[in-house]
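Since the structure comes first, as structure tokens, the remarks are kept for the end.
The values are calculated or read from the model by the stated rules, or taken from the named source; none is laboratory data. Nothing here was measured: the structure is a model prediction, and the numbers come from that model. Here the Cβ is made from the backbone with ideal geometry for all residues, glycine too, and neighbour counts use every protein chain on show. Ligands, DNA and RNA are stripped out before the accessible areas are found, and what is left, the full protein with its side chains, is counted by its heavy atoms. Shrake-Rupley method; radii C 1.70, N 1.55, O 1.52, S 1.80 Å.
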Amino acid sequence: MEFLLSELAERLGATLVGDGSVRITGVSGIKEAGPGDLTFIADPRYMKHVSTTRAAAVIASENAHGCAKPMLIVPNAYLAFVEIVALFHPRDTAPQTGIHPTAIVGQQVALGKDVSLGPYVVVEDDAVIGDGSVILAGSFIGRKARLGTSCFLYTNVTIREGCTLGDRVTVHCGTVIGSDGFGYVRQPAGYKKVPQVGNVVVGDDVEIGSNVTIDRATFGATKVGRGTKIDNLVQIAHNVTIGENCIIVAQVGISGSVEVGDDATFGGQSGIVGHLRIGRGVQIGAQAGVTKSIPDGEVVSGYPAQPHIAAQRVYAASRKLPDLIKQVKALEEEVAMLRARIAKLSEEGSHE
Amino acid sequence: MEFLLSELAERLGATLVGDGSVRITGVSGIKEAGPGDLTFIADPRYMKHVSTTRAAAVIASENAHGCAKPMLIVPNAYLAFVEIVALFHPRDTAPQTGIHPTAIVGQQVALGKDVSLGPYVVVEDDAVIGDGSVILAGSFIGRKARLGTSCFLYTNVTIREGCTLGDRVTVHCGTVIGSDGFGYVRQPAGYKKVPQVGNVVVGDDVEIGSNVTIDRATFGATKVGRGTKIDNLVQIAHNVTIGENCIIVAQVGISGSVEVGDDATFGGQSGIVGHLRIGRGVQIGAQAGVTKSIPDGEVVSGYPAQPHIAAQRVYAASRKLPDLIKQVKALEEEVAMLRARIAKLSEEGSHE
Amino acid sequence: MEFLLSELAERLGATLVGDGSVRITGVSGIKEAGPGDLTFIADPRYMKHVSTTRAAAVIASENAHGCAKPMLIVPNAYLAFVEIVALFHPRDTAPQTGIHPTAIVGQQVALGKDVSLGPYVVVEDDAVIGDGSVILAGSFIGRKARLGTSCFLYTNVTIREGCTLGDRVTVHCGTVIGSDGFGYVRQPAGYKKVPQVGNVVVGDDVEIGSNVTIDRATFGATKVGRGTKIDNLVQIAHNVTIGENCIIVAQVGISGSVEVGDDATFGGQSGIVGHLRIGRGVQIGAQAGVTKSIPDGEVVSGYPAQPHIAAQRVYAASRKLPDLIKQVKALEEEVAMLRARIAKLSEEGSHE
């Protein structure tokens, strides 16, 4: 694949500075770039590398005066770069069109146009797969499950019966959507299972990482809002509702019936106790343990989670704690001594 | 599916209050219920919703005087409700009877009566599958593994060679039972693997969530006791012994050779250091880090885990720590000043 | 399988003490051993069991005088024992030689000698599988992926396109190597995905547990160094570089672009913030939350992670914090009283 720099300028709506006839054959980071590569500078601190990079041209958000390389000037250099990366690297996972002869498709399944089912895919009865959706090897679509258009499921994914994905949903390998929620009633003879008869509803443009688990609701639906991105090994329990455009980093655990507003961010390995409300735009630090509902816009961290600035003060202070204990002990001794001296003075005074 | 309320009353052994001829066509929560639904009140605080619910009838543990709806009075409303849910929603995962033509069954495999093997299931030589067990698509049963009667394995489950499941064991999608324990000996050239030649033994009525990992023992067996319930993404290391009727919430990690008594509960994301003993009925808080053995019946939380009430006092106190440091500094100054004044007084006294 | 003790002595280069004609038919721990078993003593505290064990013979690092059993004396008893275990228990997972008729092999795939592909394995175009590698049922090798010689992949493993494994790499069930890194750019309309066009490169003699996720790099490679061992349910993000002979215990999360030196050890459930450097030989405690780079050889624990000894002092001190608050309050009252008495004394003095 090869483009003239001027062609890329046009595609990005960028201002071209320098020679537009340079041939661009790839993209890379500014240090790794080789001849023919287009690179980018998003952070002004990297501007110093412009003189040493082997890249053929640079995307930046402002003109680097004295830069010997041709440049494309755009409002957001990183975003423009990402577009060029996508241009040079279309999804590289062999989305074969058509139904592999080993794919098993049940009865009354509605397959859209240009659907791809890889080897050993199983689609059960009454499922719906929207136009242009691709399902890779070994994945399983349960009865009455519904996928929108242009979904992409990697290998060994399970979408259990009755769950629904919107349009353009991506699910990575080994992820399980719609397994039973974890609900039991204690009886004298042991635990009795609470049937989990709801489903999972995933909105448009959601992306879900590898080996994630999202449980179906007891009743109703576990919901993941439009545009939300979920990293690997995340656990989302039954009856959780996640808003739109949330970011959930790897190994997060969200307990049952939690409600999350739009634009919330969960740091890696954080955990949320059941039945809480996490407000819009809340940011939760990595490994935080959230034990109370959080108002809109708040930033929290630590265990138990508290406002981030307070948490930082507490953790900084805790490092002084061993010395503080010594200080208090010394103070107690000093005060005891002073008390004795005062008693003595007082006695002397009374003798006089 | 439709029942008269009087039929359900009989089935539950409930006291019917009001019109038994009401037709019940479904079940739901008190807020979500529609006409024809049976709902329940387990918590007296929800009694206020009785006047506004659209449900056709209500299960409760005491008569709500003035309730316009017919009621079923039972000792445990939630438990009765769960039974009715199970009645209306039998397991909905297409347990096809019979062996799918693509299932591969090895030599000398003992398949019980009414066993179901889904598409692309692999059962290796000398395995035993008990009567009525169901194994869904893509699951793998290794050599000499043994499943009891009425087990239910969802998709892409692996039961490795020689492991055994009791009767009525449920295993959700992507779970791995019997992978190698994590054991190495350091040598100058690097780590040498310690062969893991034991197995995993799972008791009757155990349920195991999705993408769980339970490692086989180095020697002997890793054991999960009868009736224990394990949530998604849990890690159980080699040579662990879990008692009966334990509850292990999502993302818990239990290190090698830990022994857990009956009826213990593990909060989500908690972790247990190797070789400890967790007593009967112990309750471990979410995210707790357990570094010492815990006596029977104790409730612990925090990192490092300590008795829950003490942990709560410490966390509450820690929020006062930044102020405490200021207080101690102020006290030190005050005491220094007092010391100076006493010295002065003392001197004045001696001058007199 | 049966050996004379003298044969095993020769194999280990051990000094034989006692009767070499004893027949050894198995191996086990000193308490579990039965007649015919060879056992070992690595810890001198276990020497007392020598008189009661039912084992036929004992491996030890020094002669136990008065031991009635024949012994094999070696420099490292545990290591010698592990070798004997491996002798009696060769890998027991039916490594069928040959390509199962249901395995699907793409075009231009280079299959080495004695490669085994289990049922329902899929190998995409242009992949390379080295001599003697074994891939069990349901696993997937993406386009242009490369496996070295003598690799062993258990069931339902995914190696995505373009990723490479060295020689003698073991990957357990359900693990995903090469899923997309978690990278997005925020735009007004929502998050835009940053294409992840790099790969994962795994060195020789690496072992990776079950349901692990290792993401491909944005550019370049996510790297796992030679001899490193990774436990179950670990998350390794894009562009991470792990050194050689590291130990990564279950449920660890390593964020994007972290660099880890050789011989580092990560305790279970610990987490590392992105872009940090973890030095050679660093030891990270279980559940630690690492927020800063760590110099070579340091031992850290806690949240936020700090040198282990300091962390232990802080946690020990924190248990005294509720009492400390009371002590400080009592001191304040005492000091106020002393101040009043001094004021009184001072006043009395001035009156005189």
*Where a residue in the stretch B:313-338 is within 14 Å of C:LEU338 (Cβ to Cβ) and its partner, wherever it lies, is basic (Lys, Arg) and in a helix (DSSP H, G or I), with Cβ under 7 Å and at least six apart*: B:LEU338/C:ARG339
*Which one of these does A:ASP114 not meet: (1) farther than 30 Å from B:VAL82 by Cα; (2) open to solvent by less than 10 Å² (accessible area, probe 1.4 Å); (3) at pLDDT below 95?*
(2)
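Condition check ((1) hydroxyl-bearing (Ser, Thr, Tyr); (2) closer than 20 Å to A:PRO101 by Cα) across all residues:
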position	(1), (2)
C:PRO101	no, yes
C:ALA110	no, no
C:ASP114	no, no
C:GLY118	no, yes
C:GLY132	no, no
C:PHE140	no, yes
C:CYS151	no, no
C:THR155	yes, no
C:THR164	yes, no
_Qualifying residues in the stretch A:123-134 (those that are open to solvent by 10 Å² or more (accessible area, probe 1.4 Å) and assigned to a strand (DSSP E or B)) - the one nearest to the other protein chains (Cβ to nearest Cβ)_ = A:VAL134
*Looking at (1) within 24 Å of B:VAL212 (Cα to Cα); (2) out of contact with any Phe, Trp or Tyr (no Cβ under 9 Å at 6 or more places or on another chain); (3) not small (Gly, Ala, Ser), which is the one condition that is false for A:ARG146?*
(1)
_Given (1) basic (Lys, Arg); (2) in contact with a Lys or Arg (Cβ under 8 Å, 6 or more places away or on another chain); (3) within 9 Å of chain C (Cβ to nearest Cβ), index of the condition B:ARG313 fails_ = (2)
*So, of the residues in the stretch C:230-252 that are open to solvent by 10 Å² or more (accessible area, probe 1.4 Å) and without any contact (Cβ under 8 Å) to a residue 24 or more places away in the chain, which turns out to be farthest from B:SER255 (Cα to Cα)?*
C:THR241
_Residue in the stretch C:187-229 that is surrounded by the fewest Cβ atoms within 10 Å (Cβ to Cβ), counting only those that are under 27 Å from A:LEU87 (Cβ atoms), among the hydroxyl-bearing types (Ser, Thr, Tyr) and touching a residue at least 12 places away in the same chain (Cβ under 8 Å)_ = C:THR218
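Could you tell me whether the stretch A:89-109 includes any residue that is in contact with a His (Cβ under 9 Å, 6 or more places away or on another chain) and either at pLDDT 85 or above or open to solvent by 20 Å² or more (accessible area, probe 1.4 Å) (or both)?
Looking only at the stretch A:89-109, we keep the residues that are in contact with a His (Cβ under 9 Å, 6 or more places away or on another chain), and these are A:104.
Within this subset, residues satisfying the condition of being either at pLDDT 85 or above or open to solvent by 20 Å² or more (accessible area, probe 1.4 Å) (or both) are A:104.
Yes, the stretch A:89-109 contains a residue that is in contact with a His (Cβ under 9 Å, 6 or more places away or on another chain) and either at pLDDT 85 or above or open to solvent by 20 Å² or more (accessible area, probe 1.4 Å) (or both).
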*Could you list, in sequence order, the residues of the stretch C:320-351 that are more than 7 Å from every other protein chain (Cβ to nearest Cβ) and outside any helix (DSSP H, G or I)?*
none
*Regarding B:SER270, is this residue open to solvent by less than 20 Å² (accessible area, probe 1.4 Å), under 25 Å from C:LEU324 (Cβ atoms), at pLDDT 95 or above and touching a Gly at 6+ places or on another chain (Cβ under 9 Å)?*
no
*Quick one: count up the residues across the stretch B:1-44 that are within 14 Å of chain A (Cβ to nearest Cβ), of a type in the set (D, E, K, R) and either open to solvent by 60 Å² or more (accessible area, probe 1.4 Å) or outside any strand (DSSP E or B) (or both).*
3
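Determine which member of the set C:THR228, C:THR222, C:THR149, C:THR241 is within 9 Å of another protein chain (Cβ to nearest Cβ) and polar (S, T, N, Q). It would help to see each step written out before you state the result.
Working: C:THR222 fails: within 9 Å of another protein chain (Cβ to nearest Cβ); C:THR149 fails: within 9 Å of another protein chain (Cβ to nearest Cβ); C:THR241 fails: within 9 Å of another protein chain (Cβ to nearest Cβ).
None of the other options fit; the residue is C:THR228.
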_Residue ID - farthest from C:GLN269 (Cα to Cα), chosen from residues in the stretch C:286-300 that are surrounded by 22 or more Cβ atoms within 10 Å (Cβ to Cβ) and free of Cβ contacts under 8 Å to residues at least 24 places away in the same chain_ = C:ILE294
*Pairs, first within 14 Å of another protein chain (Cβ to nearest Cβ) and among the aromatic types (Phe, Trp, Tyr) in the stretch B:54-83, second open to solvent by 30 Å² or more (accessible area, probe 1.4 Å) and part of a strand (DSSP E or B), C-beta under 7 Å, six or more apart*: B:TYR78/B:PHE40; B:PHE81/B:PHE40
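May I ask you to list the residues in the stretch C:135-145 that are within 14 Å of chain B (Cβ to nearest Cβ) and either over 14 Å from A:GLY138 (Cα atoms) or at pLDDT below 95 (or both)?
C:ILE135, the sole residue that qualifies.
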